[in-house]
Amino acid sequence: MFKRTRYCGHVSEKDLGKEVVLNGWVHRVRNHGGVIFIDLRDREGLIQCVVEEKENPRVFELADTLRSEYVVAVRGTVRRRPPGTENPKLKTGDYELVIKELSLLNTSETLPFPIEEETHLSEETKLRYRYLDLRRESMKENLLFRHKAYQTVRKVFLEHGFVEVETPFLTKSTPEGARDFLVPSRLHPGKFYALPQSPQLFKQILMVAGFDRYFQIVKCLRDEDLRADRQPEFTQVDFEMSFVDEEDVMSFSEELIATLFKELMGVELKTPFERIPYSEALERYGSDKPDRRFGLELIELTDLFKNTEFMVFRRALEIGGVIKAINFKGSDLSRKEIDELTQFVQGLGAKGLAWIKVEDGRLTSPIVKFFSEEEKKRLLELTQAQTGDVIFFSADRRDAVYRILGNLRLYIGKRYNLIDNSGFDVFWVVDFPLMEWEEEEKRFVSLHHPFTSPREEDIPLLRRAVEEGALEEKKRLVHSVRARAYDLVINGYEVGGGSIRIHKRELQELVFKLLEIPQVEAEERFGFLLNALRYGAPPHGGLAFGFDRLIAIMRGLDSIRDVIAFPKTQKGICPLTGAPDYADPKQLKDVHIKVVE
RNA sequence: GGAGCCGUAGUUCAGCCCGGUCAGAACGCCGGCCUGUCAAGCCGGAGGGCGCGGGUUCAAGUCCCGUCGGCUCCGCCA
């Protein structure tokens, strides 16, 4: 075999007249009788190679047997294509390689699908033949783009004095948060390691150890249901800094993100990024990671309907709920279209979807008869409704209203192409409450994680909450405690989140107490962190970016599967390898596991 | 745990609403022709019984039930 002197995609003006050797895959063959064209492809691109029967009958004969995806080495001379035969669609389209020598390195069976962009393959086919799927231009570009992003991220961290440290994968299960993946211990029958949901505790301990600035590009594992933007194993760009406050972490994050967008895409993001309070995100968009690239904001109507005759609304008010609406302006929806949206919200758990259509300044709707003249008038004012508008209502518990209208808003935005895809909407969500009441478990849970620090001035509220006996008052106190946390949102995706952490043992114990994590359990689960906090833990904070999501957004993709080399299906299966699979009885015996049922 | 969409040649998909030449198209594949194409072209050919299992019916890709798989979403994801 002869060895490559050029990548196919790198052949250029300066190779004219020179002899080069290319190694690659036969992308396509065009046989015209006396002349054969071979599009030869490698990682860097594609170039046309040509052989004429009368010039080189021996090579021609071999070239005639080539099929798609055969692997070959060719030696030949680069020349300018004859005038009029250039291909402007190819980077190398002005040149071609005249083949002098051809070596067949391997054949290929007929492919299950063509290596081209046009065919949209089912996810299972893509993943089963991932090695072929990744030969396709866009998939290859996704991974090469991701590769460049790793390099840029490392460069920015190094410029700012961060130290790269690896943390363990075989570690300890922590309560709260996602379900852990467990690994049975062979040496300790009945005991299990947990795979890390994030390096959270280790990076805090590295701060206590004095490393001051840490980063890691690291896999995290969570055994939860999958989504287009959620895989059981995913990559975080994780960092932590000592002797800093929110501003330091956020401004460093902004520099990192802005550098990525600039160097990889030439996009200038305006820094500092805008900040919006958590409460505003929910009030206006019904989401803590709103897509602000279109309107359709939520309109508050609870007050307007406080004396309503409409039973559906009244019941919502009686349970302390709220009434909100969105106005789909100028949509002039048909009954059929409204039915489709109704079906959508029913899928979210809504009983139905109340709506009003404005026609010739009049309100048309099955529910309008329940409204007084005054209510109708004020409704038109508050929603600024005009002829052609359709207003959708949700009346329920506050969280349900946010969920239903927030998701309906997104659904309409996508369904009716309201989203402005031309740019990137990048902003921080700040002022999260530290905890919220979890009705199902009848206790408070952390919004971020239990190591997030409350604001200094809110700590007294926390202390009073611990003492408070009356639940309603306790809720009021706890809910008014703000966290020193921040989430980064781009185009409606949460791409990062972090906080200033608790660095004093006493405060950490107070938080555990409110979360009703018993002292014994706290000791058992993360006593090692509490212990570390005894020995001079510096104030610290950090953030982690969801690297897969970030890359997907930058590439304009809806699914992170397209930026992961070997992802899993929605059921957590890898069609390429067949994982997960049954274990060999011997292996199970080694790790002291007996499978029941 | 739940909702929705989808599953028909190697691939992408039409046919399903209104059961009865409905088993089709394109690409790919195989053979032939062809000296400038680049999604080459022209001629010819092979290839599936409609994810799987029940049921309804004289008759089922087509209707019903169940099940498996893919996708999207809710729950879940500190």
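Helical runs assigned H by DSSP (4 residues or longer) give chain A a calculated mean residue ellipticity at 222 nm of -9000 deg cm²/dmol, each run adding -39500 (n - 2.57) before division by the residue total. Working ranking of peptides A:518-525, A:247-254 by packing, defined as the average number of other Cβ atoms within 10 Å per residue, highest first, is A:247-254, A:518-525. Normalised by the number of residues in chain A, the average gap of Cα pairs under 8 Å and 6 or more apart makes the relative contact order 13 percent. Counted by Cβ distance under 12 Å from A:PRO277, the other residues give a net charge of -3, where Lys and Arg count +1 and Asp and Glu count -1. Normalised by the number of residues in the range A:155-292, the average gap of Cα pairs under 8 Å and 6 or more apart makes the relative contact order 18 percent. Within the straight-line cut-off of under 18 Å between alpha carbons, the aspartates and glutamates reachable from A:LYS589 are A:ASP581, A:GLU597, sequence neighbours fewer than 8 places apart in one chain being disregarded. Here the Karplus curve 6.51 cos²θ - 1.76 cosθ + 1.60, taken at θ = phi - 60°, turns the phi angles of the range A:180-191 into couplings of 8, 7, 10, 10, x, 8, 6, 6, 10, x, x, 9 Hz, with x standing for Gly and Pro.
In whole percents, the pair-distance distribution calculated for the range A:8-106 from its alpha-carbon pairs, binned every 5 Å from zero, is 3, 14, 27, 28, 19, 8, 0.
If you wrap the tightest convex hull around every Cα atom of chain A and split its volume per residue, you get 232 Å³.
When Rg and the Kirkwood radius Rh are both evaluated on Cα atoms of the range A:128-286, their ratio Rg/Rh stands at 1.01. For the residue pairs A:LYS414/A:LYS475; A:LYS91/A:LYS262; A:LYS54/A:LYS89, alpha carbon separations beyond 27 Å are given by A:LYS414/A:LYS475; A:LYS54/A:LYS89. Of the beta bridges in chain A, as assigned by DSSP with both residues counted there, near 90 percent are antiparallel. Taking a straight Cα-Cα cut-off under 21 Å and skipping sequence neighbours fewer than 8 places away in the same chain, the lysines within cross-link reach of A:LYS586 are A:LYS191, A:LYS594.
Protection proxy ranking, highest mean first, for peptides A:486-492, A:224-230: A:486-492, A:224-230, where packing is the per-residue count of other beta-carbon atoms within 10 Å, averaged.
A cut-off of 5 Å between modelled amide H atoms, ignoring neighbours fewer than 5 places along the same chain, links A:TYR95 with A:ARG81. Between the range A:121-167 and the range A:439-507, the alpha-carbon centres lie 35 Å apart. Quick one: of A:LYS336/A:LYS571; A:LYS289/A:LYS324; A:LYS324/A:LYS376, which pairs are farther than 22 Å apart, Cα to Cα? Pairs exceeding 22 Å: A:LYS336/A:LYS571.
Highest-first packing order for the peptide set A:176-184, A:20-28 is A:20-28, A:176-184, based on the mean count of other beta carbon atoms within 10 Å.
A short reminder: the numbers here are calculations on the coordinates, not readings from a lab. This one's a predicted model, so the numbers in the text were calculated from it and none came from an experiment. Reconstructed Cβ throughout: ideal geometry from the backbone, glycine too, with neighbour counts over all protein chains shown.
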